[in-house]
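Heads up: the structure comes next, in structure tokens.
The values are calculated or read from the model by the stated rules, or taken from the named source; none is laboratory data. Computed from a prediction, not measured in an experiment: that's the story for all the values here. Virtual Cβ from ideal backbone geometry, glycine too; neighbours counted across all protein chains shown. Note: accessible area is taken over every heavy atom of the protein model, side chains too, but ligands, DNA and RNA are not part of it. Shrake-Rupley method; radii C 1.70, N 1.55, O 1.52, S 1.80 Å.
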Amino acid sequence: MKQDTDRDNSTAEILTPCKKEAFKAFLTAHAQISRELDRRLQACGYISLATYDVLVTLEYEEGYRLRMSDLADRVVFSRSGLTRFVDRLVSEGYVEREPCSDDRRGSFAKLTKKGLAARLEAWKIFEPLLEEFWGELVSEAMATKMADIFDQISEKARASASTKLSNSTNL
């Protein structure tokens with residue numbers, strides 16, 4: 001029993017209360033703004049935030065496409081059911097699938113013109129909301145620093161996931 005107490009104390013010393021609070025605030029802000037974005041998009045008859053997430057992710061990739069496994073690593077809202085979700089986006093004409101020439105089991109998800117148009121149309125709701133909740137509070141300098149921090153955190157998390165995946169296949 002003493003050992004568990006020692007472990008708890010050592011863990012508490014690793015992350016300061018300030019860093020814990022900052023992370024909690026980040027998670028809360030993300031949840032709140034995500035819910036409000038999705039609510040406003042849906043209320044105006046636009047695509048869902050999960051759909052927006054997939055479409056904008058594809059938009060910023062070369063050729064507007066990604067392997068499904070890479071797309072799953074990059075999206076925020078629909079990782080667990082991504083295959084079914086992309087199938088729905090294909091049926092709606094927002095995305096198309098392309099076979100992967102070097103892996104018969106793999107495929108690419110590719111953004112269509114209709115998907116790009118839907119993403120751009122949803123931006124009409126997205127941009128004012130981001131300005132409302134973000135614009136007045138975040139200066140250009142802060143935004144640059146935050147983007148750098150979030151990019152570094154994302155890269156560390158991806159590297160950690162890759163390492164764990166590699167280690168689990170070697171067991």
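I'm trying to understand the selection: among the residues of the range 98-136, which are open to solvent by less than 30 Å² (accessible area, probe 1.4 Å) and touching a Gly at 6+ places or on another chain (Cβ under 7 Å)? Within the range 98-136, Cys100, Thr112 qualify. Looking across Gly106, Gly115, one residue alone is in contact (Cβ under 8 Å) with a residue 60 or more places away in the chain and either charged (D, E, K, R) or in contact with a strand residue (DSSP E or B) (Cβ under 9 Å, 6 or more places away or on another chain) (or both). It is Gly115. Name the single residue, out of those in the range 83-97 being of a type in the set (A, V, I, L, M, F, W, C) and crowded, with 19+ Cβ neighbours inside 10 Å, that is nearest to Ala31 (Cα to Cα). Residue satisfying both the conditions and the ranking: Phe85.
Of the helices (runs of 4 or more DSSP H) entirely within the range 66-171, those holding at least 3 residues that are at pLDDT below 90 and farther than 30 Å from Gly45 by Cα occupy 140-169. Residues in the range 132-144 that are of a type outside the set (A, V, I, L, M) and over 19 Å from Ile33 (Cβ atoms): Glu140, Thr144. Of all residues in the range 27-75, those satisfying the criterion of being of a type in the set (A, V, I, L, M, F, W, C), surrounded by fewer than 16 Cβ atoms within 10 Å (Cβ to Cβ) and without any contact (Cβ under 8 Å) to a residue 24 or more places away in the chain are Leu27, Ala29, Ala31, Ala43. Please verify whether the range 121-143 includes one or more residues that are within 21 Å of Arg158 (Cβ to Cβ) and free of Cβ contacts under 8 Å to residues at least 12 places away in the same chain. No; the residues of the range 121-143 include none that is within 21 Å of Arg158 (Cβ to Cβ) and free of Cβ contacts under 8 Å to residues at least 12 places away in the same chain. Can you find, within the range 15-26, the residue that is farthest from Leu116 (Cα to Cα) among those that are of a type in the set (A, V, I, L, M, F, W, C) and open to solvent by 80 Å² or more (accessible area, probe 1.4 Å)? My answer is Cys18.
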